[in-house]
Structures are given as structure tokens and as C-alpha cells.
Amino acid sequence: MNSASTELDPAALRSGPQPVEPVRLREVMSRFATGVTVITVGGEHVHAMTANAFSSVSLDPPSVLCSVSHGAVMHGALTSAGRFAVNILGVRQEPLARHFADKHRTLGAAQFEGVAWEAGKHTGAALLGGSVAWLECELSDSHVFGDHTIFIGTVLAAGRGSGEDGLLFVDGRFGKADPAPGH
């Protein structure tokens, strides 16, 4: 068999299975429990956004990713700042998650009024009081895909906060993991 006969015909690929509709993907992915974070940026375009599209990428170099919609205010803010923080929320921080997810809240520095926070030493981004953990990151890379950009950050500093359980999100609801039997 020669190599030419193993190439895929682009027309044949298009006639095969088609991607699922966005509404179906959202419905299916809602069954995947995730932690809840608030991504923050400091500087000229201070901003915060609740996000569950977050993951570690690598231990060496230490890196994480978050995925942000092109239409989100955070997209421009993070791109401009080049540094960001990730606040991993605890079960008692559901009101913060809801606040920073509200598209109708006041933006800029005013969105942090009444919120306990301090500026990260390496990023100037808000580290929220009461978070179970936090990371400060420098933007290392980004990849545009579909209607989102995947931002990859090198972790400059990380810390653990309160010892409470992390806040989870599944099936459109906030919650916490059930403790293991005997705990």
C-alpha cells in the first residue's frame, strides 16, 4: 500500500458524523462536577470572573489553564494584564461565586466593594479572603479555539487558605462533596 492511499479525503470527513449542538454539549457537561474558581486580574483593567473551566496543566513547569469566552470582559482584561490569579472557592463562598458570575454587576474596582481581598505580591490581582487555595500566574501562552481562548499561566506563587471543603458545581447547582463514611 502506498502512502497516498492512506490519506483521508476531506470531503469524506465532512460527510461523516457532525459535532453535537452546543446545547447538547452544555447539557452533557453539566453532569461533570467541577471546582469553582474566581479568576482575577489587577492593574489598569482590574476584573474578576467566576470560572469552572480551570485545570492544572503541568507540574514542571508549574502551570494551569483557564478557558474564557471571547465575549467575556475577562478575555480583554487578562490579555492586557498578562498576569492573573486563581482563587479556589470554599463551600461558604457561594455568594462570591454568584457575585462574580453576575453579568449585571458593577465592573472595575467597584465590583470588589465589600469583598475581603488583598493584592497578590506577584500579579497585583485580587486574592480573595476565605479561599481554600490560590495561585498567582504569569500568562505564558494562549490558544484560540472556537468561541473561547485557552489561557495557560506559569504559576509564580501558590498557597492554601481555609481548611474547609471546596465549592463544587454540578447540574447547574453549587454544592459540596459528601464526606467519606467514617469522617
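Extension gain residue 118-residue 79, at 0.36 nm per residue separation less the Cα-Cα distance, in nm? Walk me through the numbers on the way to the answer.
On the way: separation 39, 0.36 × 39 = 14.04 nm, distance 2.15 nm.
Between residue 118 and residue 79, full extension yields an extra 11.9 nm.
Per atom type, the chain shows carbon and sulfur on 57% of its accessible surface, probed at 1.4 Å. Taking amide H as placed 1.01 Å from N in the peptide plane, the amide H of residue 157 sits under 5 Å from that of 136, each at least 5 places away or on another chain.
Among the trypsin sites (Lys or Arg not before Pro) found in segment 81-142, those both in a DSSP coil and sparsely packed, with 10 or fewer other Cβ atoms within 10 Å of their Cβ, are 103, 121. For segment 55-183, a simple Cβ point-charge model (Lys and Arg +1, Asp and Glu -1, everything else neutral) yields a dipole of about 220 debye relative to the Cα centre.
Across segment 122-173, how large is the tail of the calculated P(r) beyond 13 Å, expressed as a percent of all Cα pairs? Could the numbers behind the result be given before it?
Details: 927 of 1326 pairs.
Tail fraction, whole percent: 70.
Kirkwood analysis of the Cα pair distances in the chain returns a hydrodynamic radius of 18.0 Å. The Cα atoms of segment 52-94 define a convex hull whose projected area, averaged across directions, is 4.0 nm².
How much mean residue ellipticity at 222 nm does the chain get from its helices, if each DSSP H run of length 4 or more adds -39500 (n - 2.57) and you divide by all residues, to the nearest 500 deg cm²/dmol? The helix contribution divided over the chain gives -4500 deg cm²/dmol. Note on segment 46-138: the C-alpha convex hull projects to 6.0 nm² when averaged across all orientations.
The values are calculated or read from the model by the stated rules, or taken from the named source; none is laboratory data. Treat the numbers as computed from the prediction; the structure is a model and nothing was measured. Ideal geometry is used to build each Cβ from the backbone, glycine not excepted, and the neighbour counts take in all protein chains shown. In case anyone asks, the SASA skips ligands and DNA or RNA and just uses the protein heavy atoms, side chains included. Shrake-Rupley method; radii C 1.70, N 1.55, O 1.52, S 1.80 Å.
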